[in-house]
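The values are calculated or read from the model by the stated rules, or taken from the named source; none is laboratory data. Everything quoted here is computed from the prediction, not taken from an experiment. Using ideal geometry, Cβ is built from the backbone for each residue, glycine included, and neighbour counts are taken over all protein chains shown.
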Amino acid sequence: MCLGIPGQIVELVDFHHHIAKAEVSGVRRNVNIGLLAEGPDAVGVGDWVLIHVGFAMSKIDEEEARSTREFLISLGEPFEAELDELEKSTIE
């Protein structure tokens, strides 16, 4: 199962290559923010994004992040498996 999971941008790692560090349920990993690097939806530190396969797909507000996270936690194993995959992933 592939899930889009909410994460908060905690650091801009490499502006030129559009890499930021996001925190998802205590797990911090680099994500590609290229889709949200410019324009009115450009993301920065503190913003919430929906992450799918290592890419920040859309900017969301804190309330949407909270409600999405609560829903995903209620799924149990699929969400836990997604977090396990996130912990193992690497984007340099």
Take residue 50 and decide whether it is at pLDDT 80 or above, surrounded by 14 or more Cβ atoms within 10 Å (Cβ to Cβ) and more than 12 Å from the chain's Cα centre (by Cα).
no
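Being of a type outside the set (Phe, Trp, Tyr) and closer than 21 Å to residue 78 by Cβ narrows it down to one residue among 51, 9; which is it?
Criteria check complete, one pass: 51.
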Exactly one of 13, 45, 27 is modelled with pLDDT under 95 and either more than 16 Å from residue 80 (Cα to Cα) or surrounded by 13 or more Cβ atoms within 10 Å (Cβ to Cβ) (or both), and that one is 27
Here the qualifying pairs (Cβ atoms under 7 Å; residues six or more apart or on different chains; first in segment 41-70 and free of Cβ contacts under 8 Å to residues at least 12 places away in the same chain; second assigned to a helix (DSSP H, G or I) and surrounded by 12 or more Cβ atoms within 10 Å (Cβ to Cβ)) come out as 42/36
Counted residues in segment 22-40 being free of Cβ contacts under 8 Å to residues at least 60 places away in the same chain and either of a type in the set (Gly, Ala, Ser) or touching a Pro at 6+ places or on another chain (Cβ under 9 Å) (or both) come to 6
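Restricting to segment 61-87, what's the tally of residues that are assigned to a helix (DSSP H, G or I) and modelled with pLDDT of 90 or more?
Taking segment 61-87 and keeping what is assigned to a helix (DSSP H, G or I), we get 62-75, 77-87.
Subset that is modelled with pLDDT of 90 or more: 62-67.
Going through segment 61-87 one residue at a time, the tally reaches 6.
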